[in-house]
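As structure tokens, the structure follows; a few thoughts come after it.
The values are calculated or read from the model by the stated rules, or taken from the named source; none is laboratory data. On a predicted model such as this, the values are computed, not experimentally measured, just so you know. Backbone-built Cβ (ideal geometry, glycine too); neighbour counts: all protein chains shown.
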Amino acid sequence: MSAAEASFVAELERARASSAHEPGYLASLRSWGRETFARVRLPTLKQEDWRYTNLAPLAERSFADARPDPGEVKGLPPAPRLVFLNGRLLPSACDLEGLHPRLRLSSLAETLRERPALLEPYLGARPARGDHAFLALNAALFEDGALLEIPDGVWVERPLHLLFVSNSGKPAASHPKNLVLAGRGARATVVEHYRGSGPYFVNAVTEVVLAEGAVIEHDRLQEDGPEAVHLGQLAVRQAAQSRFTGESFALGGQLARVELVAELRGEEASCNLFGLYVASANQLLDHLVEVDHASPHCTSREVYKGILDGTSRGVFAGRIRVREGAQRTDADQVNSNLLLSEEATIDTKPQLEILADDVKCSHGGSVGQIRDDQLFYLRTRGVPLGLARAMLTWAFASEMVDKLGPEGLRAHVGRAVQGRLPGGELLREVA
Amino acid sequence: MLRIEGLKAAVAGKPILHGLDLEVRPGELHALMGPNGSGKSTLAGVLAGNEIYEVTAGRVTFDGEDLLGLSPEKRAARGVFLAFQYPVEIPGVSNMYFLRTALNALRKARGEDPLDAMDFLAVARERMQIVKMDPAFANRGVNEGFSGGEKKRNEIVQMAVLEPRLAILDEIDSGLDIDALRVVAEGVNSLRSKERAMIVVTHYQRLLDYIRPDRVHVMAAGRIVTSGGPELALALEEKGYGWIEKEPPQALAAAGEAQR
């Protein structure tokens, strides 16, 4: 058993005792989580979904309970926002100013105490993905997270920020769990933002449920510290005519993986997924994206881009599943990568599993370097080599940043991405 | 201003230029003609600093300074500009952002203050009119989805904004219909000055109906085989390039003289 597994098993035992006063459905979910993790343990390279992602940086750490440092959290996003520190709500940093009056944005832990019946449909069921170590750990160990309820027909202009900060000096783990429930025809933008410092492990699970005709933009920004290990699950369930736009920016962490599963369960639902991962040094950034076309007449688009420098590694697995009867499915997936060094690598793997006959499915992608002819063109106009490289790298990345809806977030992400590109400081000078 | 002596260059180990001499003074416009494969574009690329070409012998000075030892961006800062035969498309970099970045990089290299976005825009708008460029192109990606003619106009706009001292125009006429050719040529003419020299590389005499050169040079097999006044271009038009390989270059020059 690895050091991490041993510490998780010990933590699971401790958690068993405190689960006694929880609602029955939750106790049952916790118990499933404990049993499942004890059985499956951490994934290894032998498992197909983990072939390219070595979890050693996680496995070799022994995690203690995360005790929040009393230090304040700076650089808060605009209200309305919820802020969590090491997996627990940090009320002093939260601000619900400007929250739409019909919207409920609250702590999941608080809701479990006050309105447990509301959460039974979501927490009462076992995760459909079965033997999943990180879903199991999260189920057994989550303490808190955000609950966002958008009633039928409510349109929300202001983006809702969920910020998760980890700042432990020693290895510590947190397992946030978030739930976004969008009613019929509801519209909102949710920003899920991770950052911190120290050798922490964050294992987040977010579920987004879209009722008929709901329109949700979900922007996921991972700016964890350089020693962090980040595992993020995003499960999206879409009813008929709903529209989900998901953006995933993976910038930080030593090892970070996002698994996104979007289920198109009603006719004419559409799902647009965009992602950008920017890795340097020895980072490993991984995306596993599965779009499950379970209904006819649904559309999905995926564009994921990667920029890899140093000895970093990128992993992208894109799976499109078209179920029997999901006729007139229209699905497209593109994964493009820019390698900035000889040592950087990308493993990219599209998978199509099509069980209907009247469908339009395509996938494409590229792995390349900065083009010499573009570089030369810029230089002949007087642009110095370093700046020319930075401009071309940013040109590749900016397409993804530009797709972000909220203007303030777009500016923030733009700066964050530029800050991680070689020569990014040169771009700021000429801006 | 520009002095080329005994220049030899190769691409991928294959010699293309076999000893080329040329001198260009401020205010002069030189036309460089010759059949495909004669080395015209190679010369343009070598002067701009394209690293795919390897200079194997000879020297090139610009105002007495060794040009070949300078990076492409330093050459640009000295005032050398290449209008590309095939301008590259750069999606994601807007035309105006690119051009302002370039202009400010040149200004910085010359110790001048950068232009802010508003001042720059005023300059760029004015210069775009030189070739009647649609203002809508300003915010598109550099050359992205431009037609051949639009790309060539964009090269001239860049020249107009960057104000080089030596402009090398590589087949600025290729792929243009007669109306576009006239617009581009008028743009070039409006940018001629006593201080600015130009080398116009072309396969066809047609361009020289609109842009009158001071000197015409004919290249064949990596050398300048003959030089003369504008009338030399007319002689070439009549006799074609096949002729210069068969007859001694002097005869061609004489033919040019005779036409005058």
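Listing for the model above:
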quantity: Residue satisfying all of: in region B:120-138; among the small types (G, A, S) and crowded, with 17+ Cβ neighbours inside 10 Å; farthest from the other protein chains (Cβ to nearest Cβ) among these; calculated: B:A138
quantity: Filter pass, A:T53 being crowded, with 18+ Cβ neighbours inside 10 Å and within 23 Å of the chain's Cα centre (by Cα); calculated: yes
quantity: Output for region B:74-119, where each listed residue is within 24 Å of A:E399 (Cβ to Cβ) and more than 10 Å from chain A (Cβ to nearest Cβ); calculated: B:N95, B:M96
quantity: Filter result (more than 19 Å from the chain's Cα centre (by Cα) and either buried (at least 19 other Cβ atoms within 10 Å of the Cβ) or free of Cβ contacts under 8 Å to residues at least 12 places away in the same chain (or both)) within region A:281-298; calculated: A:H293, A:A294, A:S295, A:P296, A:C298
quantity: Failed condition for B:G141, given (1) farther than 29 Å from B:E23 by Cα; (2) crowded, with 22+ Cβ neighbours inside 10 Å; calculated: (2)
quantity: B:T61 vs. criteria surrounded by fewer than 21 Cβ atoms within 10 Å (Cβ to Cβ), more than 8 Å from every other protein chain (Cβ to nearest Cβ) and either under 23 Å from A:L375 (Cβ atoms) or in contact (Cβ under 8 Å) with a residue 12 or more places away in the chain (or both); calculated: yes
quantity: In region A:331-368, the residues that are polar (S, T, N, Q) and surrounded by 14 or more Cβ atoms within 10 Å (Cβ to Cβ); calculated: A:Q333, A:N335, A:S336, A:N337, A:S341, A:T345, A:T348
quantity: Scope region A:345-380; condition among the polar types (S, T, N, Q) and more than 7 Å from chain B (Cβ to nearest Cβ); matching residues; calculated: A:T345, A:T348, A:Q351, A:S362, A:S366, A:Q369
quantity: Conditions (1) at pLDDT 95 or above; (2) surrounded by fewer than 22 Cβ atoms within 10 Å (Cβ to Cβ); (3) among the hydroxyl-bearing types (S, T, Y); number of the one not met by B:T101; calculated: (2)
quantity: Options A:A211, A:A262, A:A235: the member that is surrounded by fewer than 22 Cβ atoms within 10 Å (Cβ to Cβ) and within 15 Å of the chain's Cα centre (by Cα); calculated: A:A235
quantity: Members of region B:99-128 that are more than 20 Å from the chain's Cα centre (by Cα) and hydrophobic (A, V, I, L, M, F, W, C); calculated: B:A105, B:A109, B:L115, B:A117, B:M118, B:F120, B:L121, B:A122, B:V123, B:A124
quantity: Tally of residues being touching a helix residue (DSSP H, G or I) at 6+ places or on another chain (Cβ under 7 Å), away from chain B (no Cβ under 14 Å), under 13 Å from A:D219 (Cβ atoms) and assigned to a helix (DSSP H, G or I) across region A:381-431; calculated: 2
quantity: Positions within region B:3-37 being of a type in the set (K, R), part of a strand (DSSP E or B) and within 18 Å of the chain's Cα centre (by Cα), in sequence order; calculated: B:R3
quantity: Residue in region B:64-73 that is within 12 Å of chain A (Cβ to nearest Cβ), within 17 Å of the chain's Cα centre (by Cα), in contact (Cβ under 8 Å) with a residue 12 or more places away in the chain and closer than 25 Å to B:I156 by Cβ present; calculated: yes
quantity: Residue in region B:38-51 that is without any contact (Cβ under 8 Å) to a residue 24 or more places away in the chain, in a loop (DSSP other than H, G, I, E, B), at negative phi and facing another protein chain (nearest Cβ under 8 Å) present; calculated: yes
quantity: Only listed residue being of a type in the set (A, V, I, L, M, F, W, C), farther than 26 Å from A:H287 by Cβ, loosely packed, with under 12 Cβ neighbours inside 10 Å and touching a helix residue (DSSP H, G or I) at 6+ places or on another chain (Cβ under 9 Å), chosen from A:A38, A:A15, A:A20, A:A27; calculated: A:A20
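So that you can scan it fast, the table gives a plain yes or no per residue for (1) at pLDDT below 95; (2) of a type outside the set (V, I, T):
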residue	(1), (2)
B:K8	no, yes
B:E23	no, yes
B:G34	yes, yes
B:G37	yes, yes
B:V46	no, no
B:L67	no, yes
B:S71	no, yes
